[in-house]
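Asker: Attaching a single structure in structure tokens format; questions to follow.
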Amino acid sequence: MSLSVDNLLGIKYLNQKDLQLIFETADKFKEIINRPIKKVPTLRDITIANLFFENSTRTKLSFELAQKRLSADVVNFSASQSSVKKGETLVDTVNNILAMKVDMVVLRHSSVGAGVFLSKHTKTTIINAGDGTHEHPTQALLDSYTMIENIGDIGGKNILIVGDITHSRVALSNILALKLQGANIKICGPNTLIPKYLTNLGLEIEFDIKKALNWCDVANVLRVQNERMDVNYFPSIREYRKLFGIDKEMLNSLDKKIVLMHPGPINRGVELTSDVADSDQSVILNQVENGVAVRMAVMYLLAQNK
């Protein structure tokens, strides 16, 4: 079996069989990375360039570790130390890197659609590691994979996405992935941080956090992205915490035990208190581990398509 796509530009380009294949492949790689010898020679002759035009810690480290576990040659690119500062275009930058015989590009960019644009102007394999506030496909894949590990088949399960939906690339990718798998999805957050297009996707919106948590099997909590806000979307952090923050008291008052997720980084004391983030209901560190296995699976499968 192979993926139906040659690039991973967004979840919207994948089908249900693609997701299943990625998850089955990730199972094998997760077993490998938990062995004493964690490296396999699968991508020994492949060179991968990590092009990050925006700051990143978790995603960049996760991709780099996944590449090294697969024995790929890795080139790391930082926009702040490159000719982009001198006015070089994205296409010129990438073509210069490709001239050095790079096989695959992992791209994070602040512009929506940067990966799609690049795929039309270059002949390399592109993996979207986040384009603006649009999509972050590998995060959605690892989130779904983690949900399946914890609650089984997602079809028919209740999944809640809480927080800053407007500025999140994780939210849209998660929604698309969950819909492909037949999950029930609900959104919770301040009205000012929920884009109007979500109603067109047939999603229900709940403004009462306790009702939303009582409804769900899994809550995927997103941080407030202050760095993307040029105006105030709510009166204060204190008010946000009071209306949409999750603490241990609230968690203990629910009718059932739910699974808590967060793509990171966490604003501790805002969307989650520390005792919640570190509780036995939290699978946040499990998401991080799964991120390496899922990204190994994606790169391996795309390399097979070349």
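Asker: Look at Val283 and say whether it is hydrophobic (A, V, I, L, M, F, W, C), modelled with pLDDT under 95 and not assigned by TED's automatic domain parsing to the domain that holds Ser56.
Answerer: Numbers: hydrophobic (A, V, I, L, M, F, W, C): yes; modelled with pLDDT under 95: no; not assigned by TED's automatic domain parsing to the domain that holds Ser56: yes.
Criteria not met by Val283.
Asker: Can you list residue pairs whose Cβ atoms sit under 8 Å apart, with the first residue in segment 190-218 being assigned by TED's automatic domain parsing to the domain that holds Asn158 and the second being among the hydroxyl-bearing types (Ser, Thr, Tyr) and surrounded by 15 or more Cβ atoms within 10 Å (Cβ to Cβ)? Count only pairs 6 or more apart in sequence or on different chains.
Answerer: Pro190/Tyr233; Pro190/Tyr240; Thr192/Thr166; Thr192/Tyr233; Leu193/Thr166; Leu193/Tyr233; Ile194/Thr166; Pro195/Thr166
Asker: Right, here's the next one. Which residues, counting only those in segment 159-173, are at pLDDT below 95 and not in a loop (DSSP other than H, G, I, E, B)? Full working, then the answer.
Answerer: Residues of segment 159-173 that are at pLDDT below 95, as a first pass: 163-172.
Those that are at pLDDT below 95 and not in a loop (DSSP other than H, G, I, E, B): Arg169, Val170, Ala171, Leu172.
Asker: Can you say whether Leu176 is touching a Gly at 6+ places or on another chain (Cβ under 9 Å) and modelled with pLDDT of 95 or more, as far as the supplied structure shows?
Answerer: Values: touching a Gly at 6+ places or on another chain (Cβ under 9 Å): yes; modelled with pLDDT of 95 or more: yes.
Yes, satisfied.
Asker: Right, another one. When you go through Ile205, Ile185 one by one, which is the residue that is of a type in the set (Val, Ile, Thr) and in contact with a Leu (Cβ under 6 Å, 6 or more places away or on another chain)?
Answerer: Values: Ile205 fails: in contact with a Leu (Cβ under 6 Å, 6 or more places away or on another chain).
Residue meeting the stated conditions: Ile185.
Asker: Still on this structure: Looking only at residues that are among the hydroxyl-bearing types (Ser, Thr, Tyr) and more than 17 Å from Gln16 (Cα to Cα) in segment 165-175, which one is surrounded by the most Cβ atoms within 10 Å (Cβ to Cβ)?
Answerer: At the first step, the residues of segment 165-175 found to be among the hydroxyl-bearing types (Ser, Thr, Tyr) are 166, 168, 173.
Cutting the leftovers down to more than 17 Å from Gln16 (Cα to Cα) gives us 166, 168.
Details: Thr166: 19, Ser168: 25.
Out of the qualifying residues, it is Ser168.
Asker: Looking only at segment 127-164, which residues are surrounded by fewer than 24 Cβ atoms within 10 Å (Cβ to Cβ) and either free of Cβ contacts under 8 Å to residues at least 60 places away in the same chain or more than 25 Å from Val259 (Cα to Cα) (or both)?
Answerer: Ile127, Gly132, Thr133, His134, Gly152, Asp153, Ile154, Gly155, Gly156
Asker: Still on this structure, I have one more. Of the residues that sit in segment 261-281 and are over 17 Å from Met147 (Cβ atoms) and charged (D, E, K, R), which one is nearest to the chain's Cα centre (by Cα)? Break it down into steps so the answer makes sense when it comes.
Answerer: Within segment 261-281, the subset over 17 Å from Met147 (Cβ atoms) is 265-279.
Pick out the ones that are also charged (D, E, K, R) and you get 268, 271, 275, 278.
On the way: Arg268: 19, Glu271: 18, Asp275: 24, Asp278: 20 Å.
That would be Glu271.
Asker: Can you tell me which residues in segment 163-216 are over 25 Å from Thr59 (Cα atoms) and basic (Lys, Arg)?
Answerer: Lys186, Lys196, Lys210, Lys211, listed by residue number.
The values are calculated or read from the model by the stated rules, or taken from the named source; none is laboratory data. The shown structure was predicted, so the numbers you read here are calculated from the model rather than taken from an experiment. Every residue, glycine among them, receives a Cβ derived from its backbone with ideal geometry; neighbour counts consider all protein chains shown.
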